[in-house]
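Enquirer: Please see the structure below; I have some questions.
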Amino acid sequence: MKKVTILLPTYNEEASFPLIISCMEKVVKDNPNYEWEFLFVNDGSSDNSLQQMIRLHEADSRYNYVDLSRNYGKEIAMMAGFDYATGDALIIMDADMQHPVDVIPEMLKYWEEGYDDVYAQRQGSQESWFKRMSSHWYYKLLQQMTSVPIQKDTGDFRLLDRSCIEALKQMRESERNTKGMYSWIGFHKKGIYYQQQERQEGSSKWSMISLINLALNGIMSYTTAPLRLASILGLLVSSVAFFYLVYIIVITNVYGEPVQGYPTIMVTLLFLGGVQLLSLGILGEYIGKIFNEVKERPGYFINSYNGEKNID
């Protein structure tokens, strides 16, 4: 019998556990031909999420948990999940249960047909118009900027074959954008559609700033287009400055018109200063990513796996 792991990265989702349990029971009931593992990764929760995981593990051995030493963020929590999952396939779901379990049988069907990565695309959600459209525009922009085929309107909700999991386990960078990694590793992919559920308990842990940081990290992880943009912008500014210089020489020496001094100088300096700061900022972002990667620190540390400490 094949084993399937459902990975649930968890941060302060104590209120969601009754819903999680009922959803996982439905998964087992609807898919009896598989052995199931439900793997929580406690990402430094400050509520009673860890206590809920311990209680579940003690009552049912199908529930396992990894307790991280602090809050590392969802990307690193998923990295830990890849390391500790034991299934032949892995399904990643949000612990708030906005990902519907009803699509899991369809995922399993395509997996049995030979697909290695069955990714779910949002067909609709309860999020605001701005959040939906900004996400759509972001994926469209990313597709244009990188040579890696990025799936649009697609998050972490997907089924991954063991071959994909082993590939992802080899990618140990700390500045992670897992959504791009799924595309980068390749393998045989299949997209399905789902309707995102409304969050029933708790509140979203994603602020606007954290979403912007995630988007910028995604762009800079898979393309050098911003650096090229800075180079092109510098070339354009230099060209404009050259033609403006020719213009000033002509009107001064041929027509004898006086050159406007202070306003012209200030506008030129401010414009050039803005372009330079933008270019330095883009360059600094890439250098910062290099700085973090060359340290070669472990991606995370754990307090315990199922209560056992000092796990290698």
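The values are calculated or read from the model by the stated rules, or taken from the named source; none is laboratory data. Nothing here was measured: the structure is a model prediction, and the numbers come from that model. Glycine gets a Cβ as well: all are built from the backbone with ideal geometry, and neighbour counts include every protein chain shown.
Enquirer: Take the residues in region 25-44 that are more than 26 Å from the chain's Cα centre (by Cα) and either outside any helix (DSSP H, G or I) or modelled with pLDDT of 90 or more (or both); name whichever of them is surrounded by the most Cβ atoms within 10 Å (Cβ to Cβ).
Expert: Ranking the candidates gives TYR34 first.
Enquirer: I need a count of the residues in region 66-79 that are surrounded by 13 or more Cβ atoms within 10 Å (Cβ to Cβ) and farther than 19 Å from LYS169 by Cβ.
Expert: Of the residues in that region, 2 qualify.
Enquirer: A further question on this structure: Mind telling me which of the residues SER203, SER207, SER183, SER174 ends up being closer than 25 Å to ASN71 by Cα and modelled with pLDDT of 60 or more?
Expert: Testing whether each residue is closer than 25 Å to ASN71 by Cα and modelled with pLDDT of 60 or more leaves just SER174.
Enquirer: Taking the condition of being in contact with a Lys or Arg (Cβ under 8 Å, 6 or more places away or on another chain) and within 25 Å of ASP47 (Cβ to Cβ), how many residues in region 83-96 meet it?
Expert: 4
Enquirer: State all residues of region 71-121 that are assigned to a strand (DSSP E or B) and of a type outside the set (S, T, N, Q); if no residue qualifies, say none.
Expert: ALA89, LEU90, ILE91, ILE92, ASP117, VAL118, TYR119, ALA120
Enquirer: Would you point out the residue of region 278-307, among those that are at pLDDT 75 or above and over 22 Å from the mean Cα position of the chain (by Cα), that is nearest to SER69 (Cα to Cα)?
Expert: Across region 278-307, the extreme among qualifying residues is ASN303.
Enquirer: Could you run through region 45-69 and say how many residues are farther than 16 Å from ALA15 by Cα and either in contact (Cβ under 8 Å) with a residue 24 or more places away in the chain or of a type in the set (A, V, I, L, M) (or both)?
Expert: Within region 45-69, residues that are farther than 16 Å from ALA15 by Cα and either in contact (Cβ under 8 Å) with a residue 24 or more places away in the chain or of a type in the set (A, V, I, L, M) (or both) number 10.
Enquirer: Return the residues of region 45-65 that are surrounded by 19 or more Cβ atoms within 10 Å (Cβ to Cβ) and not in a helix (DSSP H, G or I); say none if nothing qualifies.
Expert: SER45, TYR63, ASN64, TYR65
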